[in-house]
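Written below as structure tokens is the structure these notes are about.
Derivation of every value follows stated rules applied to the coordinates shown; laboratory data play no part. Given the structure is predicted, the values throughout are model-derived calculations rather than measurements.
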Amino acid sequence: MDYRKAVLEDAERWHDLVFEVKSENLPTLFKMIKPITLESTKDHLKSIIENDGSFVLLCIHETTIVGSIDCIRKKHPEEHHVADIGMCIRKGYRNQGIGKQMLEHLFVICRNEQKIKKIELGVFPNNVAGIKLYEKMGFRHEGRRINSIVKNNEKIDLILMGKEI
């Protein structure tokens, strides 16, 4: 596996990954609000890359992008040292340690660039594997947004986790 930051030329292959994972409509993820197009993916990747300190970390197997973490630095100056992350891994590559490896690479990039000092994320309570991984990687439970998600007419909490780098 190769781990590196995305560049604009990766947009089409990154789009394939994100579209595939979002199309699964997993109970641990938000649904697509609108279809993800290649153009919207290119625009989104460009906006991330142009936000100083933000990036998308890719995991590539041969020529296929099999996982990614988007690391988006907060815009307010008082929060500039904090980034929100979101991770996705292609079906068939899950439960093989890729999430752990991507997080380790993410931490190295953040330490080396010294722009992001804290990482935050929100995770659904039913994402037991994700929660265990985040805890194992040093994320702490920082709060809970009660009933902040409604999915299939069911109210769901969102667990807030964070890690100082």
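Structure notes:
- Each principal axis of the Cα atoms in region 28-108 has its own extent, and those three values, largest first, are 40, 32, 26 angstrom.
- Those lysines that a straight Cα-Cα span of less than 22 Å connects to LYS42, excepting residues fewer than 8 apart in one chain: LYS5, LYS22, LYS31, LYS34, LYS74, LYS75
- Volume in Å³ per residue [convex hull over Cα atoms, computed for the chain]: 118 Å³
- Most fluctuating residue given options ALA129, ALA83, ALA11, as computed from a GNM of the chain linking Cα atoms under 10 Å: ALA129
- Mean Cα-pair separation over length for region 98-165, i.e. relative contact order, pairs under 8 Å, 6 or more apart, %: 38 percent
- P(r) tail fraction, region 83-130 - alpha-carbon pairs more than 17 Å apart, %: 42 percent
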